[in-house]
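Student: Handing you this structure, nothing more for now.
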Amino acid sequence: MYLVDSHCHLDRLDLEPFDGQLEGALQNAREHGVEHMLCVCINMENRTDVLDVARQHDFISASVGVHPNEDEGHDPDVDELVNLAQDENIVAIGETGLDYFRSEGDLEWQRDRFRRHIAAAKQSDKPLIIHMRDATEDTLRVLKEEKADEIGGVMHCFVEDWETAKKALDLNFYISFSGIVTFKSARELQEVAKNVPADRYLVETDSPYLAPVPYRGKSNQPAWTRHVAEFISGLRETEVETIAEQTTNNYFELFKHDKK
């Protein structure tokens, strides 16, 4: 089996179970069939750590971007993002988007940053990784206004309903499912996982966050991408090997610069 963890934060993993060694977590992932990982950047200060992980492992790729809730640190302009994205290990721009859950007040700065990331993605010809929380209407509106469909990307850690999923699909975005889809309370999301077209979805962990059942509440790790895939295979009434094949093909179709 060949699975791709399409969104993880390897520079932030809780490595206690692996004697503090990232290699232990990576070996565990591959023993569970997770053969490729995308390590996602959240700010310019952790960019070097994210990129170093990708440079050191031929089965790990990276992104570059600033998370919408990051209100301190360096905030790059379009040209800087485009320049950074030229690195052969960088396959995407993000994670970017809008998050009104943790931020308060006038959030025009979030929307401005989001627009810059979209412009950088289009100029660098690398897809977007979108974070969307409590900001569904504005996120979709900005994507449409900035013609993000011209480059596309993925709605990472998707938690919305089918109507929202269809709008994202219409904008040329893939839907990515994290461990949240395994939660008993995630009924609407499970319907999305049943109905999303076979060529338009991915699986991820968002590790070290959002561990799937049966590890909910613990620190997440890329190995548990398999639990997400197995759960979706039950929802879609198909073999987990089919889910692995579909999501792997989808990943490399979307992240076309990922040659690893």
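Student: Multiplying the sequence separation of Glu108 and Phe59 by 0.36 nm and subtracting their Cα-Cα distance, what value in nm do you get?
Tutor: Extending this stretch completely gives an extra 13.9 nm.
Student: Calculate what fraction, in whole %, of the accessible area of the chain sits on carbon and sulfur atoms when a 1.4 Å probe is rolled over the protein chains.
Tutor: Percent of accessible area from carbon and sulfur atoms in the chain: 42.
Student: Fully extended, how many nm does the chain gain between Glu150 and Asn195 (0.36 nm per residue separation, minus their Cα-Cα distance)?
Tutor: Fully extending the segment from Glu150 to Asn195 adds 13.8 nm.
Student: Helix-derived [θ] at 222 nm for the chain: sum -39500 (n - 2.57) over DSSP H runs of at least 4, divide by residue count, nearest 500?
Tutor: -11500 deg cm²/dmol
Student: Would you please give the residues with an amide H less than 5 Å from that of Leu3, counting only those at least 5 places away or on a separate chain, with H modeled from the backbone geometry?
Tutor: The list, which skips near neighbours in sequence, is Val34, Glu35, His36.
Student: Could you pull out every one of the aspartates and glutamates with an alpha carbon less than 16 Å from that of Lys259, ignoring same-chain neighbours closer than 8 positions?
Tutor: Leaving aside aspartates and glutamates fewer than 8 places away in the same chain, those within reach of Lys259 are Asp5, Glu35, Asp58, Asp87, Glu88, Asp125.
Student: Give me a comma-separated list of calculated 3J(HN,Hα) values for region 222-231, in order, Karplus coefficients 6.51, -1.76, 1.60 applied at θ = phi - 60°, integers in Hz, x for any Gly or Pro.
Tutor: Computed from phi, the couplings for region 222-231 are x, 3, 7, 3, 4, 5, 5, 5, 5, 5 Hz.
Student: At 7 Å along Cα-to-Cβ for each site, give me the label-to-label distance between Glu241 and Asp125 in nm.
Tutor: According to this spin-label approximation, the distance is 3.6 nm.
Student: For a 18 Å ceiling on Cα separation, which of these pairs sit above it: Lys122/Lys144; Lys147/Lys167; Lys126/Lys167; Lys126/Lys147; Lys126/Lys256?
Tutor: Correct reply: Lys126/Lys167.
Student: With r as the distance between the Cβ atoms of Leu169 and Lys259 and R0 = 45 Å, compute the FRET efficiency 1/(1 + (r/R0)^6) and round to 0.05.
Tutor: Efficiency computed from Cβ-Cβ geometry: 0.95.
Student: Whole number in Å², please: accessible area per residue of the chain, 1.4 Å probe, ligands, DNA and RNA not counted.
Tutor: Dividing the accessible area of the chain by its residue count gives 43 Å².
The values are calculated or read from the model by the stated rules, or taken from the named source; none is laboratory data. Remember, predicted model here, so these are calculated numbers, not experimental data. Cβ sites come from the backbone with ideal geometry, for glycine too, and all protein chains shown count toward neighbours. The protein model used for the area step is the full one, side chains on, heavy atoms only, and it has no ligands, DNA or RNA in it. Shrake-Rupley method; radii C 1.70, N 1.55, O 1.52, S 1.80 Å.
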